[in-house]
Each structure stands twice: as structure tokens, then as C-alpha cells.
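The values are calculated or read from the model by the stated rules, or taken from the named source; none is laboratory data. Treat the numbers as computed from the prediction; the structure is a model and nothing was measured. Cβ placement follows ideal geometry from the backbone for every residue including glycine, while neighbour counts extend to all protein chains displayed.
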Amino acid sequence: MNAENIKNEAYQLIDKYFMPAKAIIVKDFLNTYGFWDAPASTKYHGNYPGGLAEHSLAVAKNLLMLTEKLGLKWDNPGSPFVVGLLHDVCKMDQYKLISTENGYQYVYTNDSIYSHHGEKSICMLANCVTLTQEEIACIRWHMGAYETDTNEWKYYGNAIAKYPNVLWTHTADMMASHIEGV
Ligand SMILES: [Fe+2]
Ligand SMILES: [Fe+2]
């Protein structure tokens, strides 16, 4: 899907799942911080301009599909879209394009004022949307087993026990990045 189609589809879904005033704020937030042009990684899935938006929309659609097929219940019925679209906003300022001998490539930046991954997304969203506790848990733990600190497993288990949709969020993220390749 090309970048314009991705943005158009995302805008339609933002209008569907957010109240009108909030939809304006969410679009403004994404536009301001370069969501539509950012990559999703330096060398893995979505390592091209627009990769972040493509990946995020894919995760949102996977979570909506899983919710419908499996009858998942959420505190906020719009959460599958909210979590999917916004779980990786931490990546909006995580990469920069540099020129190399072979052309261009993305490298990590190190001037963000927030660290980690899911936590960074939650920090960046704090002025944009009021997340439910379930949405916070799902965004915080969307990397599941790919968290680097193994001591975190206990907390991941606790999060799944309290909010089973944490596991489905991680599944939707893995489906997009490891099966669909976006
Ligand atoms: Fe992520
Ligand atoms: Fe992701």
C-alpha cells in the first residue's frame, strides 16, 4: 500500500474510533512529530520512509481482526485501534537518515529525552490522549518476549494476567512484523 493510501485509511479509522475533537488532536500530534514519514526500524521490518505508519496500521487491523474473531473484550471498544495505531509512536524521533557510501541508511538517534520503548510511547502520548489502564499495559508490553531484561518476565506475566489483551497486542505486533513483514 502506498504512503498516501495508508494515511487516508488511518485518517478514516481515526475519525471512526476517536471523538471528533480528539481525532483532530491525534492527527495533529502524528503530523507534528513526523509519524507518516518515519521508518519502523533501521534494518528490519518497515526500514523505509512510511514504514512506521504502515506497520502501525497493520497492527491496528490485526488487533481489530483478533478482537472480532476471538470475541475479545476491551474496557474501551476503540482500544484495538488506539493501541495498534499508537503503540510505536516512540519511533517518531528514533531514527535519522544519513548518507553512506552505498546511498542512505537509517541510524538511531540518541537525543530523545525518554528511553525504553513502550514506556517512551506512553510518555509521548501523555499530552495527546488519555489512555485507559488496559491501553497503557498493552502499549507498555507490546514487545512481549522481546524485552531485553529477563527480569521483566514476571511483570509481563502479571500484565497478561490482569489484561489478557496484552498478549493479543503482542501477537498482533508479531503478526505484522514477522509474518506480514511490515
Ligand atoms: Fe514496538
Ligand atoms: Fe510495533
| field | Candidate set from the range 126-150 (those that are of a type in the set (Ser, Thr, Tyr) and within 16 Å of ligand 2 (Cβ to nearest atom)); member that is surrounded by the fewest Cβ atoms within 10 Å (Cβ to Cβ) | value | Thr148
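Name the residues in the range 11-42 that are part of a helix (DSSP H, G or I) and surrounded by fewer than 13 Cβ atoms within 10 Å (Cβ to Cβ), would you?
To start, the set of residues in the range 11-42 that are part of a helix (DSSP H, G or I) comprises 11-17, 20-32.
If the condition is that a residue be part of a helix (DSSP H, G or I) and surrounded by fewer than 13 Cβ atoms within 10 Å (Cβ to Cβ), then Gln12, Lys16, Pro20, Ala21, Asp28, Asn31, Thr32 are the ones that fit.
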| Based on what the data block shows, is Ala53 buried (at least 19 other Cβ atoms within 10 Å of the Cβ), within 16 Å of ligand 1 (Cβ to nearest atom), within 20 Å of Ala176 (Cα to Cα) and modelled with pLDDT under 95? | no
| query | Out of all the residues in the range 54-69, which are over 18 Å from Ile160 (Cα atoms) and either in contact with a strand residue (DSSP E or B) (Cβ under 6 Å, 6 or more places away or on another chain) or more than 14 Å from ligand 2 (Cβ to nearest atom) (or both)? | reply | Leu64, Met65, Glu68, Lys69
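Among the residues of the range 82-134, write down those that are assigned to a loop (DSSP other than H, G, I, E, B), acidic (Asp, Glu) and within 16 Å of ligand 1 (Cβ to nearest atom). So that I can check it myself, show each step before the final result.
Pass one, the range 82-134, residues assigned to a loop (DSSP other than H, G, I, E, B): 87-88, 94, 101-102, 109-117, 126-132.
Now drop any that are not acidic (Asp, Glu), which leaves 88, 101, 111.
Passing the criteria: only Asp88.
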| Every residue from the range 70-81 that is among the aliphatic types (A, V, I, L, M) and either within 14 Å of ligand 2 (Cβ to nearest atom) or part of a helix (DSSP H, G or I) (or both) | Leu70
| Could you give every pair whose Cβ atoms fall below 8 Å, whose first residue belongs to the range 35-48 and is more than 16 Å from Thr109 (Cβ to Cβ) and without any contact (Cβ under 8 Å) to a residue 60 or more places away in the chain, and whose second residue is away from ligand 2 (no atom under 11 Å from the Cβ) and among the β-branched types (Val, Ile, Thr), counting only separations of at least 6 or pairs across chains? | Trp36/Ile6
| Pick from the range 140-168, criterion out of contact with any Cys (no Cβ under 9 Å at 6 or more places or on another chain) and either assigned to a loop (DSSP other than H, G, I, E, B) or touching a residue at least 40 places away in the same chain (Cβ under 8 Å) (or both), ranking: farthest from ligand 1 (Cβ to nearest atom) | Pro164
| said: Being under 15 Å from Thr169 (Cα atoms) and either among the charged types (D, E, K, R) or surrounded by fewer than 17 Cβ atoms within 10 Å (Cβ to Cβ) (or both) is the filter here; which residues of the range 87-118 pass it? | reply: Asp88
